[in-house]
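These notes are about the structure you will find just below.
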Amino acid sequence: TDEIMQQEIRPLVAVDIIEQLHRQFAILSGGRGKDGAPIITFPEFAGFSEIPDDDFLNVVTYLTSIPSLEAASIGFIIIIDRRRDKWSAVKASLTRIAGAFPGNLQLVFVLRPSRFIQRAIADIGIKLYRDDFKMKVPIIMLNSVSDLHGYIDKSQLTRELGGTLEYGHSQWIHHRTAIENFAMTVKTTAQMLQTFGTDLAETELPNDVQCTEELLSSHTDHHSKLKDELKLAVKQGATLLTCIREPVTRSANSKLSPDELENVATVERLLAQLDETEKAFDQFWTKHHLKLEQCLQLRHFEHNFREVKLTLDNLMETQAGFADIGDSVTRVENLLKEQKHLEEKGQEPLEKAQSLALHGEQLIQNNHYAVDSIRPKCVELRRICDDFTNETKKKYDILGKSLELHKQLDKASQWCEAGIYLLASQAVDKCQSQEGAETALVEIEKFLVTAKEHQLSNPKEFYNQFDMILTPEIKANAQRIVQKLEDVQEMFDKRQVSLKKLAAKQTRPVQPVAPHPESSPKRASPKITRPAA
């Protein structure tokens, strides 16, 4: 039913009745009356009465639909040329026109038969049968085209009617079909653009890179094809406009008929519609294409974010596994190397993360539609980077302290061993003399000075310095070494006491002795030594 209604509603076009138009039993030459009324001419046509009613009605309906509404509202002027025919043909023509003319009639001119008898019959017939024609407009019977020129200017009449109006029926049909084809092209193009625009507006944006790229490519290809269609349509309209204006272009003295001027106006209007349609479509496409490009940017950003975050999470997990702070200098140095390697390994992912965060911020600055999705990811990337950097610094600080601690413990242990070795190397028999004891004391005092260089003189300060990294194992080891320090210190203290006693035993004070009467005064014995310090 819809198809039938559409067929009924759709106006006639030249191509629908092309054969009937070519028969040329009625023409719209483009001439106008003095008040601008369109002129439809029924030239001499031998088989006029044999034309089927449908064909006649279709042609006349089509011709009356061509002039503008303004011109058609004035009313049509009909010229019936029956100069070579009989009164019966005149009567048949008037009867058919009166019964089937679809437009608003203003005036009817009849060029009656030129033969005397037929003219006389026509004069009588028009008086007798005027009421039978059911026409409410004047019917003017003319004897010749000269009479017609008294009503209509020659410039508005074709050569067949003694006028100067250029008219070629084949060219007229060609122009009509071209104009209607162009109008259909404009309509079809606009519908295609509207359909494509609707499809674009209803398209759901994909969730992955590949589908987004495919959609962008598909829409771009479709857009390019439609733009090509638009270019062809514009070219078609421009060519048609040139063809219609061709007489004026060819000769400066030529003028376009009112109908031809209306044809020019029609084509220009269609071209303007096409231009407006294209502009509206371009604006819509610009927005849609931008959205698709931003969608693709977002999908790339999300894909890269997932990859970078996975790498960073693995990096953080590896770093979290580095809980060992070492139990010796060698172990700590190896741990520092491993930490350095992890830091170097993390440089590329960190740079990618920072770069991706920067890219995300640029998307936000460029008014990306997915700001609420991009911004949290940028914050997350920077947070992970900061966490890794801070944790790395913390690891270095802890391992640095651990290295310093173990080096101190090693030095303390070595100091203890050296002290024990020193005490063991001091032979007892050599220390029995004053000089030997004093020498041993000097050695001990020199050695004890090195304890200050190793900062081992204050165990409490030592603990405070390294308390943050003292694990139970390290604390036990440190306590053992500190105890050993105390033991060695005690050994030194005891040795010093012993040596001082030995040195004191070897020292005798000088006793004053009265000179022997028989003896002459003598100097003190050189064997008496000074008291020990």
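The values are calculated or read from the model by the stated rules, or taken from the named source; none is laboratory data. Please read these numbers as outputs of a predicted model, since none were measured by experiment. Here Cβ is always computed from backbone atoms with ideal geometry, including for glycine, and neighbour counts include all displayed protein chains. Please note that ligands, DNA and RNA were not included when accessible areas were found on the heavy atoms of the full protein model with its side chains. Shrake-Rupley method; radii C 1.70, N 1.55, O 1.52, S 1.80 Å.
A few points about this structure:
- Potential lengthening between D282 and A320 on full extension [0.36 nm per residue; Cα-Cα distance subtracted]: 8.2 nm
- Computing Rg and the Kirkwood Rh from the Cα coordinates of region 174-290 gives a ratio, Rg/Rh, of 1.16.
- A simple spin-label model places pseudo-atoms 7 Å from Cα toward Cβ; at Q191 and A238 they are separated by 2.7 nm.
- Helix axis angle, 53-65 relative to the chain longest principal axis, alpha carbon, degrees: 60 degrees
- Using alpha carbons only, the radius of gyration of region 41-112 set against its Kirkwood radius gives Rg/Rh = 0.96.
- The residue among S373, Q156, L216 whose Cα reaches farthest toward the positive pole of the charge dipole of the chain, with charges on the beta-carbon of Lys, Arg, Asp and Glu, is S373.
- The chain - accessible surface per residue (Å², probe 1.4 Å): 59 Å²
- Peptide packing: for 262-271, 22-31, the average count of neighbouring Cβ atoms within 10 Å per residue gives the ranking 22-31, 262-271, highest mean first.
- Projected area averaged over orientations for region 263-362, convex hull of C-alpha atoms, nm²: 8.4 nm²
- With only the Cα atoms considered, region 247-291 has a convex hull volume of 65 Å³ per residue.
- Taking the square roots of 5 times each eigenvalue of the Cα gyration tensor of region 407-503, largest first, gives ellipsoid semi-axes of 31, 11, 10 Å.
- Note on the chain: semi-axes of the ellipsoid equivalent to its C-alpha gyration tensor, largest first and rounded to whole Å, are 132, 20, 14.
- Cα long-axis angle, helix 116-129 against the chain (0 to 90 degrees, to the nearest 10): 70 degrees
- Straight-distance crosslink candidates among lysines, where the alpha carbon sits under 18 Å from K187 and sequence neighbours closer than 8 are dropped: K225, K227, K231, K235, K279
- Projected label points at S224 and S373, each 7 Å from Cα along the beta carbon direction, are separated by 2.7 nanometres.
- Taking the Cα atoms of region 215-261, the ratio Rg/Rh between the radius of gyration and the Kirkwood radius comes to 1.36.
- Reach of K430 by Cα under 24 Å, taken over lysines that are not fewer than 8 positions away in the same chain: K446, K494, K500, K501, K505, K527
- Stokes-Einstein translational diffusion, region 304-404 - Kirkwood Rh over all Cα pairs, 0.692 mPa s, 37 °C, in µm²/s: 221 µm²/s
- Note on K501 and I18: the extension gain reaches 159.2 nm, defined as 0.36 nm multiplied by sequence separation minus the Cα-Cα distance.
- R0 of 51 Å, Cβ-Cβ distance H289-E338: FRET efficiency to nearest 0.05: 0.50
- In straight-distance terms, cross-link reach from K475 covers every one of the aspartates and glutamates whose alpha-carbon lies under 13 Å from its own, apart from those fewer than eight places away in the same chain; here that gives D327, D467.
- Rounded FRET efficiency, nearest 0.05, which uses the C-beta distance separating E380 from S217 and R0 of 35 Å: 0.65
- Projected label distance in nm at E44 and M491, using a 7 Å step from Cα toward the beta-carbon: 15.3 nm
- In the chain, helical runs assigned H by DSSP with n ≥ 4 each contribute -39500 (n - 2.57); averaged across all residues and rounded to the nearest 500, the mean residue ellipticity at 222 nm is -23500 deg cm²/dmol.
- Helix 209-250 axis versus longest C-alpha principal axis of the chain: approximately 30°, rounded to the nearest ten.
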